[in-house]
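Laboratory data are not the source of any read-out in this text; all were calculated from the coordinates shown. Quick caveat: nothing in here was measured; it's all calculated off a predicted structure. As a convention, Cβ positions derive from the backbone with ideal geometry for all residues, glycine included, and neighbour counts pool all protein chains shown.
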Amino acid sequence: MTFDPATLVYNEAGLIPAIAQDAATGDVLMMAWMNAEAVARTLETGRVTYWSRSRQAFWIKGETSGHTQDLVAFRVDCDRDCLLVTVRQTGPACHTNRRSCFYTEVQDGAEVEIMAPMEA
């Protein structure tokens, strides 16, 4: 069966959440948005491509920073309204220079930083 990005369930802005997971470690790295064209570009090129809501433009992860995401697997959840992309991550995934955007944790009612920025 051929995959058609139009069969995904997009929100009112034409976007679908995409969770990036490190293929080697299983760590959740980040969440960003894709539209149908970003989905198609990701599958065609193997370079994970998102839709930047702030810039209103395509965003190929690592295009300017060098912190690339190469696609390993592309999964669709059961409701077809969320994506999981497993990736080979080069460098930090987060713009704060951390491996993951999920670098704080709520512990006993307090938010605690659990991951320091990566060294340059």
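Computed over neighbours whose Cβ is under 12 Å from that of Thr49, the net charge equals -1, Lys and Arg +1, Asp and Glu -1.
Tally Lys/Arg at +1 and Asp/Glu at -1 over every other residue whose Cβ is under 12 Å from the Cβ of Ala38; what's the total? Around Ala38, the surrounding residues sum to +2.
Within the chain, Cys78, Cys82 have no other Cys Cβ under 4.7 Å of their Cβ and so lack a disulfide-compatible partner by this rule.
In the chain, which longest range has no GluC sites (Glu not before Pro) that are both DSSP loop (not H, G, I, E or B) and surrounded by at most 16 other Cβ atoms within 10 Å? The longest such stretch corresponds to 64-118. Rounded to the nearest 500, the 222 nm mean residue ellipticity of the chain from helices alone is -2500 deg cm²/dmol, with -39,500 (n - 2.57) taken per DSSP H run of at least 4 residues. Applying the criteria of a DSSP loop state and at most 13 other Cβ atoms within 10 Å to the trypsin sites (Lys or Arg not before Pro) of the stretch 43-95 yields Arg53, Arg55, Arg80. If we count every other residue with Cβ under 15 angstrom of Asp22's Cβ, Lys/Arg +1 and Asp/Glu -1, where does the sum land? With Lys, Arg at +1 and Asp, Glu at -1, the neighbours total +3.
Contact order for the stretch 1-50, expressed relative to its length and based on alpha carbon pairs under 8 Å spaced 6+ residues apart, stands at 29 percent. How far, in degrees from 0 to 90, does helix 36-45 lean away from the longest principal axis of the Cα atoms of the chain, to the nearest 10? It works out to around 80 degrees.
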